[in-house]
Amino acid sequence: MNIGVVRERTDREHRVAVTPDAAKQLMAKGFEVSVETGAGSAASHNDDAYTAVGARVVASAADVYSAAGIVCKVQAPDADEVAQLRSGTALVCMMNAWKNEPLIATLRSGGVTAFALERIPRISRAQSMDILSSMASVAGYKAVLLAAAASGRFFPMLVTAAGTLAPVKCLVIGAGVAGLQAIATARRLGAVVEAFDVRPAVKEQIESLGAKFVEIDLGERDTETAGGYAKELSDDAKKRQHEGLAKHVAQSDVVISTAAIPGKPAPKIITDDMIATMKSGSVIF
């Protein structure tokens, strides 16, 4: 069985689906691995790294698709890529099926079996395949670093000969994997951190990281699914949330929103009227 790895065509996508180390592990299990030339370059894995472990580097994506029984990608394929997938091929990638229904229909009609990595159950047996948690950790960490770079202020309190600089006030909205990583990173940099989540159960996790939990009476208690994910709020609860968060947003130098609802567009929590109250030079990520 040949496993094919192609270069990602999505704008600003630097990841590669299979690293040289992963290719080595797959070949140890008896698979062949074909990699499009340059597929790993943006992720700092050059072609020589793949050939060094025994993978075959081919000239084009067409060469990969023509030989592969399994195609591994990061992002869902575009129309040109779908057209090159042969009937009977298995495709493994992020499908975002909830907003890519036409793509799913095309793959089905073309005889392609698609495995949506974001739909893998987030259970202990599948932890090594949990792309949502691993990428959310990266997102929360990088969000704080990029916000710090964009801000004109120092995150920690600094005592200088010219006076004392107060620490940055950072508000994190959403305390899932990304939010908790953002809280931890902002605290390490010395910021004063507040965090809000519609799920009261995460209060202890937020406080364990040294942040203050923003408590807002949403008027409803059933705000999370049986799996621990946030539910979409009612219109009344959204209004209460807006009113409760407004003053905290106004007082913050940095606001990082990681709020998400699985299988649906992310909720739009930060509004224009909130932004109008923020200090000049504040950062929203």
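Throughout, read-outs are computed from the coordinates displayed, never taken from laboratory work. Not measured: the values here are computed from a predicted model. A quick note on method: Cβ atoms are made from the backbone with ideal geometry, for glycine too, and the neighbour counts reach across all protein chains shown.
Just a few scattered comments:
- Residue list for region 125-137, restricted to those being in a helix (DSSP H, G or I) and free of Cβ contacts under 8 Å to residues at least 12 places away in the same chain: 125, 126, 127, 128, 134, 135
- Set side by side, the residues 172, 159, 144 differ, and just one is assigned to a strand (DSSP E or B) and surrounded by 17 or more Cβ atoms within 10 Å (Cβ to Cβ), which is 172.
- Exactly one residue among 195, 250, 246 is more than 26 Å from residue 119 (Cα to Cα), under 20 Å from the mean Cα position of the chain (by Cα) and either free of Cβ contacts under 8 Å to residues at least 12 places away in the same chain or outside any loop (DSSP other than H, G, I, E, B) (or both), and that residue is 195.
- Test: residue 256 is surrounded by fewer than 20 Cβ atoms within 10 Å (Cβ to Cβ) and touching a strand residue (DSSP E or B) at 6+ places or on another chain (Cβ under 8 Å): no
- Among the residues making up region 70-109, those that are over 21 Å from the mean Cα position of the chain (by Cα), surrounded by fewer than 15 Cβ atoms within 10 Å (Cβ to Cβ) and closer than 28 Å to residue 38 by Cβ are 79, 80, 83, 86, 87, 88.
- Test: residue in region 42-49 that is buried (at least 18 other Cβ atoms within 10 Å of the Cβ) and touching a residue at least 60 places away in the same chain (Cβ under 8 Å): no
- Scanning region 80-124 for residues that are touching a helix residue (DSSP H, G or I) at 6+ places or on another chain (Cβ under 8 Å), without any contact (Cβ under 8 Å) to a residue 24 or more places away in the chain and part of a helix (DSSP H, G or I) returns 84, 97, 104.
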